[in-house]
1. Extension gain residue 24-residue 144, at 0.36 nm per residue separation less the Cα-Cα distance, in nm?
2. Just subtract the alpha-carbon distance of residue 156 and residue 131 from 0.36 nm times their residue separation and send over the number in nm, one decimal.
3. On a 0 to 90° scale, report how tilted helix 53-68 is relative to the longest principal axis of the chain, with both axes built from alpha carbons and the result rounded to the nearest 10.
4. So how tilted is helix 74-94 from the main axis of the chain? Cα-based, degrees 0 to 90, rounded to 10.
5. State the label only: which of (i) 9.2; (ii) 18.7; (iii) 9.7 corresponds to mean projected area of the Cα convex hull in nm² computed from the shown model?
6. Starting with the highest mean, order 36-48, 83-95, 132-144, 54-66 by the number of other Cβ atoms within 10 Å, averaged over the residues of each peptide.
7. Could you work out the relative contact order of the chain? I mean the mean sequence separation of Cα pairs under 8 Å and 6+ apart, divided by the number of residues, in percent.
8. Obtain the nm distance between the two label points defined at residue 104 and residue 123 by a simple spin-label model: each point lies 7 Å from its Cα along the Cα-to-C-beta direction.
């Protein structure tokens, strides 16, 4: 199979994985949103595809927003989750033997992007600083869940041998 086609196929499949991981959630009785495994799936996709994971992250997360009934978040989600995947993808691709504690730092940076990205988006969306600030704690809890999930599954994702995908990225 042509390497570019292979990259597109893997990207599509991993978009679906990210979407499903985001939709599989723990219900939280307060706030807008939910705790999910989507960020961990984004980090695993970044380990497999490098920065190309941005496309899968943006698409899979946006589809999850649409299906879950949060279409107003799609523009922010595309940018935020895509940026998270770019940061994680570059770091994980460049440093293939990165120890877990450095991975945790990379994932923390990504989750800070997520927390503050949604904060500024919600501030603009609701035209209310208190409404946006009210979500900071919830989004931070989601970030911690993303870091924990990423640390758990990225070592497994790194064992996936997709040499053709990595050759396309060089």
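1. 41.5 nm
2. That works out to 5.2 nm of additional length.
3. Taking Cα atoms only, the helix is inclined about 40 degrees.
4. Approximately 40 degrees, to the nearest ten.
5. Matching the structure shown: (i).
6. Output ranking for 36-48, 83-95, 132-144, 54-66: 36-48, 54-66, 83-95, 132-144.
7. 28 percent
8. Computed distance between label sites residue 104 and residue 123 equals 3.0 nm.
Rule-based calculations on the coordinates, nothing more; no lab input. Nothing here was measured: the structure is a model prediction, and the numbers come from that model. Using ideal geometry, Cβ is built from the backbone for each residue, glycine included, and neighbour counts are taken over all protein chains shown.
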